[in-house]
Amino acid sequence: MPSAPRLWVHRHSAVVRVTHWVNVVALTVLLMSGLQIFNAHPALYWGQSSDFDRPWLSMSAVMNEEGEVRGVTSVFGRDLDTTGALGLSGGLERGFPAWATLPGPQWLAMGRRWHLFFAWVFVINGLVYLASGLASGHFRRDLLPTGAQLRHMGRTIADHARLRFPKGEEARHYNVLQKLAYLVVIFLLLPVIALAGMAMSPHLDSLAPFLLDLFDGRQSARSVHFIVATLLVAFFLVHVLMVLLSGLWNNLRAMISGRYAIEEAEDEN
């Protein structure tokens, strides 16, 4: 059976491609070094100060009635046995396992250095992306959903659920789900996680006291930072899954060289 005709288009600008890969590295290091920092005190609270008796989330190792040491993750007072993953891994009590943290061994000072350095890499890279997107019209042209896309969002959701990906003219542009997801990540989640991170710094709080007011306290900022990081990981996993299902090499080639192959729809042949 002959393969469907293909049309080659230029999908991503050089700035989008470069900032995308810088973000991949920066956010990966930020996540892993952030988990290293979290492991120094694997519990989260709301408000200004830590209420050690009432964390809304905690990870620890406890001894059960049989005398076995088990890893326990407590979420809003409900205990879950997470031995080998959270609370207890490699025979040691620690929030997240060594393979998920940077550096691997418990080393708070080095984790903070990695986190701070790549936080600046992430911020500067984001500012470059924003400036370029505003100047080139990338946000208006590529990320704002059209009225027609919003009206047919139900159909797009159904197509994705059935793993039916667009072809022909429709494949030239991001679909409405992609656009909304990117807008939420770029203009909501990433700014919130950056502001929450700054609110946890006593030095920055002294320069900008309003940061603590935004989150109702340093411990609340830490909790928000953790929650948004979790949402970003969820977005990343879904993003990678869609890349794999819709054509790994075609998507990678587009984000490396800019060239993207579109398979023509049957009614366009």
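The values are calculated or read from the model by the stated rules, or taken from the named source; none is laboratory data. Since this is a predicted model, take the numbers as computed values, not measurements. Heads up, the Cβs are rebuilt from the backbone with ideal geometry, glycines too, and the neighbour counts pull from every protein chain shown.
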- Query: Residue check, residue 149 against (1) touching a helix residue (DSSP H, G or I) at 6+ places or on another chain (Cβ under 8 Å); (2) surrounded by 16 or more Cβ atoms within 10 Å (Cβ to Cβ); (3) at pLDDT 95 or above, all met but one. Which one?
  - Reply: (3)
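Within region 84-108, can you find the residues that are touching a Leu at 6+ places or on another chain (Cβ under 6 Å) and among the polar types (S, T, N, Q)? If you could, list the steps in order and put the result at the bottom.
Step one: of region 84-108, the residues touching a Leu at 6+ places or on another chain (Cβ under 6 Å) are 96, 100-101.
Listed by number, the list holds a single entry, 101.
What tally of residues in region 1-51 results from selecting those that are in a helix (DSSP H, G or I) and in contact with a strand residue (DSSP E or B) (Cβ under 9 Å, 6 or more places away or on another chain)? Outline the logic, then answer.
Filtering region 1-51 down to residues in a helix (DSSP H, G or I) leaves 14-39.
Checking the rest, the ones that are also in contact with a strand residue (DSSP E or B) (Cβ under 9 Å, 6 or more places away or on another chain) come to 38-39.
So the count comes out to 2.
From the list 122, 139, 118, which one is closer than 30 Å to residue 11 by Cβ, surrounded by 15 or more Cβ atoms within 10 Å (Cβ to Cβ) and free of Cβ contacts under 8 Å to residues at least 24 places away in the same chain? So that I can check it myself, show each step before the final result.
Details: 122 fails: free of Cβ contacts under 8 Å to residues at least 24 places away in the same chain; 118 fails: free of Cβ contacts under 8 Å to residues at least 24 places away in the same chain.
Only one candidate passes the filter, namely 139.
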- Message: Being of a type in the set (Ser, Thr, Tyr) and closer than 29 Å to residue 161 by Cα is the filter here; which residues of region 210-269 pass it?
- Response: 230, 246, 260
- Residue, farthest from residue 57 (Cα to Cα), within region 82-113, restricted to residues that are assigned to a loop (DSSP other than H, G, I, E, B) and hydroxyl-bearing (Ser, Thr, Tyr): 101
- Note on the structure: Checked 26, 119, 61, 14 against criteria (assigned by TED's automatic domain parsing to the domain that holds residue 201 and more than 22 Å from residue 234 (Cβ to Cβ)); the one match is 14
- Somewhere in region 128-136, is a residue surrounded by fewer than 16 Cβ atoms within 10 Å (Cβ to Cβ), assigned to a helix (DSSP H, G or I) and of a type in the set (Phe, Trp, Tyr)? no
- Message: So, residue 139, is that one closer than 21 Å to residue 254 by Cβ and not in a helix (DSSP H, G or I) or not?
- Response: no
- Can you spot a residue in region 222-230 that is at pLDDT 95 or above, touching a strand residue (DSSP E or B) at 6+ places or on another chain (Cβ under 9 Å) and among the basic types (Lys, Arg)? yes
- Given (1) at pLDDT below 90; (2) of a type in the set (A, V, I, L, M); (3) farther than 26 Å from residue 43 by Cβ, where does residue 204 come up short, assuming only one miss? (3)
- Considering only helices (runs of 4 or more DSSP H) wholly within region 173-262, the ones with at least 3 residues that are touching a residue at least 40 places away in the same chain (Cβ under 8 Å) and surrounded by fewer than 18 Cβ atoms within 10 Å (Cβ to Cβ) are 218-256
- Task: Output the residues belonging to region 149-171 that are within 21 Å of residue 244 (Cβ to Cβ) and assigned to a helix (DSSP H, G or I).
- Result: 156, 157, 158, 159, 160, 161, 170, 171
